[in-house]
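The values are calculated or read from the model by the stated rules, or taken from the named source; none is laboratory data. This structure is a prediction, so every number in the text was calculated from the model and none was measured. Here the Cβ is made from the backbone with ideal geometry for all residues, glycine too, and neighbour counts use every protein chain on show. With ligands, DNA and RNA removed, areas are computed over all heavy atoms of the protein, side chains included. Shrake-Rupley method; radii C 1.70, N 1.55, O 1.52, S 1.80 Å.
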Amino acid sequence: MTSIKTTTRAALLALLLCGVAAPALAQATQPPIPAILATPEARDIHSYAQPLTARVTHVDLDLTADFAGQKMTGTAALDIAAAPDAKEVVLDSKGLVIKAITDDKGVALPWTVGKADPILGAPLTVQLPKGAGAAKRIVITYDSAPDGAALQWLTPSQTAGKAKPYLFSQGQAILNRSWIPTQDSPGIRQTWTARIVAPEGLKAVMSAEALTPDGEPVAGGRAYRFKMDKPVASYLIALAVGDLAFTPLGQRTGVYTEPSVMKKTANELVDVEKMVEAAESLYGPYAWGRYDLLVLPPSFPFGGMENPRLTFATPTIIAGDRSLVSLVAHELAHSWSGNLVNNATWADFWLNEGFTVYFENRIMEKLYGPARANMLADLGWTEMQEAIKTAGGPTGADTRLHLDLAGRDPDDGMTEIAYEKGATFLRTIEKAVGRERWDAYLKAYFARHAFQSQTTAGFVADLRANLIKGDAKLEAEIGIDKWVYEPGLPDNAVRIQSAAFPAVDALAAAYAKGGAAPAAPWKGWSTPERTRFIASLPRELSTERLAALDKAFGLSAQGNSEIRFAWLELAVANRYQPAVPSLEAFLTDQGRRKFVAPLFKALMAQGDWGQPIAKALYAKTRPLYHAVTRQTVDGIVK
Ligand code: BES
Ligand code: ZN
């Protein structure tokens, strides 16, 4: 799998769809099919779409957010580029209630919904209008289902203001098919517009240019219009509706959040404009116009989500001391690695996340210096080692960068391997060729593939063509195929170590042996050092040792989510009862899967002590969590 050879059939179809290569079909007005889609590696097993036959190129949404019915209701009009002999277009759908499908003149079109798969949902097949040439338009009238996994409808009590309801969407990986009937495949890029009607008093924001920032009065509320004129993957279409205020952070940056938490949120994010500048100085101009953030209510299931122009972020990064802003650097970096050039299939997920972790760390280094960046990279190395263990050790199939997700939920493959082994691979290339040459390559790579999707094979081919250039020694030194297609960690992996951590580790070891809690050093430590200290303590500690730590550092009352999480993991592993109220509060007050799932797992591993706590607590917290978190925890607490 080292070249992007096309199959005969795919090549033929690509030629047919590409007016240039087939002049006889020059009347075909649709854009040529993106070359990557014609490669066998780009076949997406998590979508029903047949993009070589008919592919969605543009989506116009006109939807009302119905809070009472917990559904989006309205229309999606799709522009479709079809092969000359195409009779139908296949879309993805999950739980949608389809009411009507017509052409753009309102003439009904026949359609069917196929058998639903629990992971993928069901194919929605629509007969294409006849005689419209290659460019076709269809209009779907539908409702989303109240339990659609992409959407979380929050009650006022789940918000900071406690007065108004809130709605947000999460598309990645394959959730958007539960509220948008389109081809939900990361390789099929689509431009889009939306008109969203929200109840009076609530503001709608999306991952696109806001054409009517204050909305326009309409029956039943206000209408907000949006436009994304650059083709994006469908998982990047995102919406939130709530009581939202906005504060500018810089020329082209700003933050949306609820009014009552705006002050501390904006204060935490003062460096965002500088981050954009740092990113641009590394890998080229920011391509999306504005860069804003939306800091969501605490049930947001991820740390962050790189929705174009509008990163969605968890409020658990608002620590009060700006110590967790590497998450912003990460989501911002996705504006290049992920949104400009994104994974063509979920098997190529590491192209999004591995590149982004690498890029994130370069932004952190540029802005805050190598000492801080190296601590973060070093913590990442530990996470990678743990992920390798979890995936069954160095021979585990899921330790490969290019994944085999046949028959699986793409979520299953989304582990720290993609993030940290991916970043380690790029660091290994950087070391082999030198930073200057590597940076020049990477910058040109983003430009070369801007607004296109990419496969692992496509990246490897590009790397060989534009960086390795036949240098056999370099090729052997890096070992590209081993890195991307084989399990485990190659011997040449570049490890970044923090110069500060050995001292932290030594103090942790001393404490474990009975020494006093290192109060003075702790005071001076940054968040990564504190996290490292807790993580490097032995997993087995006496009640007395835990109590002394808790007292010295106020761990159970920690407002820093990363430190609180590290502490609670240790406490649960030791059945440390005094931390249980803190644990229960933490698992009730936020629903970020990265924190919630490991803690429930740790509880369930603690037999007759932990299991009753987990079960009683989950019965209370489950309704508060987003479907993404629920799905994972359902598999843990049984
Ligand atoms: N794109 C991811 C979030 C994601 C991954 C959503 C897979 C759905 C499926 C985002 O960029 C991310 O990686 N978020 C991390 C934080 C980051 C700093 C590592 C998270 O949410 O923890
Ligand atoms: Zn990411």
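See the values below:
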quantity	calculated
Accessible heavy-atom area order of Asp85, Asp147, highest first, probe of 1.4 Å	Asp147, Asp85
Per-bin percent of Cα-Cα distances, the range 367-519 [10 Å]	10, 31, 33, 18, 6, 2
Protection proxy ranking of 242-253, 461-472 - average other beta-carbon atoms within 10 Å, highest first	242-253, 461-472
Cα gyration tensor category, rounded, prolate or oblate, for the range 481-638 with a/c compared to 1.5	oblate
Coordinate range along principal axes, alpha carbons of the chain, Å, largest first	82, 65, 49
Stretch gain in nm, segment Ala506-Val113, where the contour uses 0.36 nm per residue and the Cα spacing is subtracted	135.3 nm
Length-normalised contact order for the range 478-541 - Cα pairs under 8 Å, 6+ apart - percent	35 percent
Neighbourhood net charge (10 Å Cβ-Cβ; Lys/Arg +1, Asp/Glu -1) for His626	+3
Contour excess over end-to-end distance, with Cα ends at Ser281 and Ala245 and 0.36 nm allotted per residue	9.9 nm
Contact order normalised by residue count of the chain, Cα under 8 Å, 6+ apart, percent	11 percent
Cβ-based net charge around Lys551, under 13 Å, with every Lys or Arg adding one and every Asp or Glu removing one	-1
Sequence-separation-based contact order of the range 252-370, relative, with Cα cut under 8 Å and 6+ spacing, percent	24 percent
Charge sum, other residues only, whose C-beta stays under 12 Å from Leu167's C-beta, Lys/Arg counted +1 and Asp/Glu -1	+1
Nearest-ten-degree value, helix 607-621 long axis tilted from longest Cα axis of the chain	50 degrees
Pair Lys469, Phe451: separation of 7 Å Cα→Cβ label points (nm)	2.9 nm
The chain - mean residue ellipticity at 222 nm from DSSP helices (-39,500 (n - 2.57) per run, n ≥ 4, rounded to 500)	-10500 deg cm²/dmol
Accessible surface, per residue, of the chain when the full set of protein chains is kept, probe 1.4 Å, Å²	38 Å²
Cα-centred dipole magnitude for the range 464-572, charges only on beta-carbon of K, R (+1) and D, E (-1), debye, nearest 20	320 debye
Residue pairs, from the table Lys105/Lys203; Lys443/Lys469; Lys87/Lys136; Lys421/Lys638, whose Cα atoms sit over 21 Å apart	Lys105/Lys203; Lys421/Lys638
Highest average packing first - 102-108, 293-299, 68-74, Cβ atoms within 10 Å	293-299, 68-74, 102-108
GluC sites (Glu not before Pro) restricted to the range 170-268 and DSSP loop, no more than 10 other C-beta within 10 Å	Glu200
Relative packing of peptides 335-344, 366-375 - highest average C-beta neighbours within 10 Å first	335-344, 366-375
Carbon plus sulfur fraction of accessible area for the chain, probe 1.4 Å, in percent	56 percent
Degrees, to the nearest 10: 501-512 long Cα axis against longest axis of the chain	50 degrees
